[in-house]
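Q: I have a structure I would like to understand better, so I am pasting it below and will then ask my questions one at a time.
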Amino acid sequence: MHANSSSQHASTKPPLPEQGGQIGYENTTVTKVPGWHGIIAWDALLNGMAMGLFLAAAVSELAAPAVFLGVAKVAYPVALVLLLVDLVLLVLDLGDPLRFHHMLRVFKPSSPMSLGTWCLTIFSLPLTAAAGLSVLAILGWDFEWARLLAVVLGLLPGFGAAAYKGVLLSTNAQPGWKDARWLGGYLTNSALLMGCAELLVLSALMRQTQAITILRTAFIVLLVLNVIPLGLLFANLRTIHAQLYTRGQQWRAGALIAAGMLIPLCLMLLNGGLLSISVAVIFLLAQSWLVRSVYVKIPHTSPLGVRSGE
């Protein structure tokens with residue numbers, strides 16, 4: 001990405017055999033740092049919010065239509081807006097936005113980038129249909145069978161689009177990322193958690209009492225489960241964290257991330273009002289952005305990465 005950004009070359013030379021070193025590039029990092037910046041963290045956040053909201057609304061509506069039909073019809077247009085903003089950020093980060101369609105010239109299921117791009121593209125079609133038909137239903141033109149068909153067709157590509165970014169980052173050769181084997185699991189669980197949180201806010205705004213009760217329970221369960229992939233992700237990168245940050249910095253970052261989980265949990269357990277729900281979701285989204293921002297920037301700060309001038 002960022003094809004027009006300044007080139008970053010590797011200047012590390014392989015040791016010569018006569019110097020007693022290893023032959024070739026064995027155990028030598030030869031990758032260059034990607035030209036990705038904070039925009040990718042926002043892309044990862046908005047991607048999770050859009051996919052998570054759609055999946056949460058779709059599963060809820062299909063499981064209990066009598067409870068979630070009204071809020072689901074509002075959720076799909078909101079998810080579409082989030083996806084459109086995410087796609088704009090994603091295209092802008094290509095460096096040459098006019099060449100974005102080149103990503104669709106090849107379909108390679110074994111490539112997380114290719115598969116994820118196609119999942120995202122395919123998912124946008126049923127989401128657009130579900131959002132448009134939901135708006136028409138609210139206005140009085142109800143095509144329920146077509147809307148439900150669009151919702152069902154969006155489930156599989158929506159899940160793939162939610163999971164691919166973490167898989168993509170953890171399967172490349174970049175120092176730090178290649179060790180983050182649980183990044184895909186964390187981002188997928190985080191997307192479902194954020195989607196549940198967003199649907200909970202919409203239910204509170206629409207005063208859907210029964211939906212709020214069910215979603216509060218689901219939110220608490222997903223929040224507790226989120227500790228598992230996040231903890232495993234931290235364990236994956238314990239060594240790289242020790243190289244990048246002091247012990248004090250690690251404790252401060254851990255405290256902020258823990259607060260982003262404990263505060264929403266306490267608010268959900270103590271109160272189910274609109275204010276409590278809104279504050280809980282704000283803390284959750286801030287924590288989610290912080291985690292994404294930290295892991296997107298790892299190759300730029302890693303002592304193992306190859307940077308300009310080295």
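The values are calculated or read from the model by the stated rules, or taken from the named source; none is laboratory data. Being a predicted model, the structure only gives us computed values, none of them experimental. For neighbour counting, all protein chains shown are included, and Cβ atoms are generated from backbone atoms with ideal geometry for every residue, glycine included. Each accessible area value is taken on the protein alone, full model and side chains, heavy atoms only, with ligands, DNA and RNA left out. Shrake-Rupley method; radii C 1.70, N 1.55, O 1.52, S 1.80 Å.
Q: Keeping all protein chains in position, work out how much accessible area M49 exposes to a 1.4 Å probe, and write it in Å² to the nearest 10.
A: It works out to around 30 Å².
Q: Considering Cα pairs under 8 angstrom that are at least six residues apart, work out the relative contact order of the stretch 132-242 and quote it in whole percent. Don't skip to the end; give the middle numbers.
A: Details: 91 pairs, mean separation 25.1, N = 111.
Relative contact order for the stretch 132-242 comes out at 23 percent.
Q: Given R₀ = 45 Å, FRET efficiency for V81-A235 by Cβ-Cβ distance, to 0.05?
A: On the way: r = 36 Å, r/R0 = 0.81.
About 0.80, to the nearest 0.05.
Q: Now a separate question. Can you work out ³J(HN,Hα) from phi for every residue in the stretch 229-240, in order, using Karplus 6.51 cos²θ - 1.76 cosθ + 1.60 and θ = phi - 60°, giving whole Hz and x for Gly and Pro?
A: Working through the residues one at a time gives x, 5, x, 5, 5, 4, 5, 4, 10, 4, 5, 5 Hz.
Q: Same structure again: Cβ neighbours within 10 Å, averaged per peptide: list 156-166, 262-272, 77-87 in order, most packed at the top. Please list the in-between numbers first.
A: Values: 156-166: 23.6, 262-272: 16.0, 77-87: 19.4.
The packing order, highest mean first, is 156-166, 77-87, 262-272.
Q: Between T121 and L270, what is 0.36 nm times their sequence separation minus the Cα-Cα distance? Round to one decimal in nm. Don't skip to the end; give the middle numbers.
A: Details: separation 149, 0.36 × 149 = 53.64 nm, distance 4.07 nm.
Length gained, T121 through L270: 49.6 nm.
Q: Compute the length gained on full extension between V227 and A64: take 0.36 nm times their separation in residues and subtract their Cα-Cα distance, giving the result in nm to one decimal. Before the final figure, lay out the partial values.
A: Numbers: separation 163, 0.36 × 163 = 58.68 nm, distance 2.76 nm.
Here the answer is 55.9 nm.
Q: As a test of reading the structure, rank T213, T121, T188 by solvent-accessible area (1.4 Å probe, protein chains only), most first. Don't skip to the answer; put the middle values down first.
A: Details: T213 85, T121 50, T188 20 Å².
From most accessible down to least: T213, T121, T188.
Q: Sticking with this structure for a sec: Stretched out fully, how many nm does the piece from I282 to A259 gain, at 0.36 nm a residue minus the Cα gap?
A: 7.1 nm
Q: Let me ask you something else. In nm, to one decimal, how far is the modelled label at Q249 from the one at K178, with both set 7 Å along Cα→Cβ?
A: Label-label distance for Q249 and K178, simple model: 2.3 nm.
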